[in-house]
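A short write-up of the structure that comes next.
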Amino acid sequence: MKTQDSISLEERYGAHNYRPLDVVVHKARGSWVTDVDGKKYLDCLAAYSAVNQGHCHPVILKAFIDQAKKVTLTSRAFRNDRLPLLYKMLYDLTGYEASLPMNTGVEAVETAVKAARKWGYTVKGIPENKAEIICATDNFHGRTTTIISFSTEAQYRNGFGPFTPGFPVVKYGDAGELKRAINKNTAAFLVEPIQGEAGIVLPPEGYLREAARLCKENNVLLIVDEIQSGLGRCGKLFAFEYEDIRPDMVIIGKALSGGFYPVSAVLSSKEILGVFKPGDHGSTFGGNPLAAAVACAALKVLLKEKLVDRSFKLGKYFIDKLRAIKNPHIKEIRGKGLWIGLVLDTKARPYCEALMKENILCKETHDTVIRFAPPLIITKKEIDWACARITKVIQSLA
């Protein structure tokens, strides 16, 4: 089936809740994908950071196939022999003594919200149904009805009310506003250490450190959403490490499976996750043996191939190369590690479409930002190749 045939079928039978670029990917390996017509592209999105380890990594693929031949799903009605290994690996890697596995990122966010509320009632002593979780402007934590209730993006909310109460919103990066918003009913502060969907937005230096101090001072849980920023994307294992803090809860997903399977988790202490009793919360697929085997392999690849360090070094190289492009339409280049936003003073979509014709796949976010987030296995030579084409496109559209 050729490109246009596939697009026609999708347009006819699919729901139109996405506006993808008109490339139809047929196969992928490493940092490259190939479309149905045989054309190769450098993937500079990495499935929104889900394939940090590269497409179809052979180590993760083997773990996936080997486990699929044994047992894929038991539900949590029974124990399986893979999940304890994931628990131990997450502890060894992060130091968080407890974890709760789920499937998608937004499920993990919902899990953290429920844990924070129950902790607020059973530990902090907040009156029933009065718990508040403070969130930040321009946040993105997922698409469920509860999560969009605290989104400040009009499109994410339009037509989906009524909304879940209990989520006051403060300006991202403003510690003073956070301080003023905290009250006796505040259970938690939920924040992205770097905002991805907002356009790779970094908070002011010291913001997260001050937020952590305020939370500790007021017996409020600090929850960081590292679904996109974590597991090496930002040049550290977690973005919060840039501020040398220790959040109470960390939400991870995406690269936790290397792109093979939906796997997410909430990391925390036994005290906090201990508020859940049998029957309080769960998931048929969460913590299944196939997911656990894949996640363990994905984490092993991250460590063995030193992808976190690679992201830090090559991210700086990529950013420097982009900053060397001189064009009046470029307002800013910002990012950490291999998570970079090229901010324009005009619509970014035409640039992404032109880059596709130059065999580079990336995506606009918030209209005027081009997001570059290639697999962490990308080479310096591939970055040079990409930057030559990025320069060509930016200058040609000027």
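Each reported figure results from applying straightforward, stated rules to the coordinates on display, with no laboratory input. Keep in mind that what you see is a predicted model, and the values were worked out from it rather than measured. Quick reminder, even Gly has a Cβ in these numbers, built from the backbone with ideal geometry, and neighbours come from all protein chains shown.
Odds and ends about this structure:
- Gly176, sole failed condition from (1) touching a residue at least 24 places away in the same chain (Cβ under 8 Å); (2) loosely packed, with under 15 Cβ neighbours inside 10 Å; (3) assigned to a helix (DSSP H, G or I): (1)
- No other residue among Ile126, Ile134 is out of contact with any Gly (no Cβ under 9 Å at 6 or more places or on another chain) and among the β-branched types (Val, Ile, Thr) apart from Ile134.
- Of residues in region 331-341 being out of contact with any Asp or Glu (no Cβ under 8 Å at 6 or more places or on another chain) and either within 13 Å of Ala388 (Cα to Cα) or not small (Gly, Ala, Ser) (or both), the one surrounded by the most Cβ atoms within 10 Å (Cβ to Cβ): Leu338
- Residue, farthest from the chain's Cα centre (by Cα), within region 185-224, restricted to residues that are assigned to a loop (DSSP other than H, G, I, E, B) and among the acidic types (Asp, Glu): Glu205
- Those residues of region 23-61 which are over 15 Å from Ser257 (Cβ atoms), in contact (Cβ under 8 Å) with a residue 60 or more places away in the chain and outside any strand (DSSP E or B), in sequence order: Val23, Ser31, Lys39, Cys44, Leu45
- Checking each residue in region 267-292 for being farther than 15 Å from Leu93 by Cβ and either touching an Asp or Glu at 6+ places or on another chain (Cβ under 8 Å) or not in a loop (DSSP other than H, G, I, E, B) (or both) picks out Ser269, Lys270, Glu271, Ile272, Leu273, Ser283, Gly286, Pro289, Leu290, Ala291.
- Complete set of residues in region 359-398 that are assigned to a loop (DSSP other than H, G, I, E, B) and closer than 28 Å to Leu302 by Cα: Asn359, Cys362, Ala373, Pro374, Pro375, Leu376, Ile377, Ile378, Thr379
- As a summary of the residue check, Ala112 satisfies the conditions (1) touching a residue at least 40 places away in the same chain (Cβ under 8 Å); (2) farther than 17 Å from Lys270 by Cβ except for the one numbered (2).
- Scanning region 369-393 for residues that are aliphatic (A, V, I, L, M), farther than 14 Å from Cys352 by Cβ and touching a residue at least 24 places away in the same chain (Cβ under 8 Å) returns Leu376, Ile377, Ile378, Ile383.
- 2 or more residues of a type in the set (Lys, Arg): qualifying helices (runs of 4 or more DSSP H) within region 77-160: 105-119
- Residue list for region 293-328, restricted to those being in a helix (DSSP H, G or I), surrounded by fewer than 21 Cβ atoms within 10 Å (Cβ to Cβ) and over 21 Å from the mean Cα position of the chain (by Cα): Lys304, Tyr317, Asp320, Lys321, Arg323
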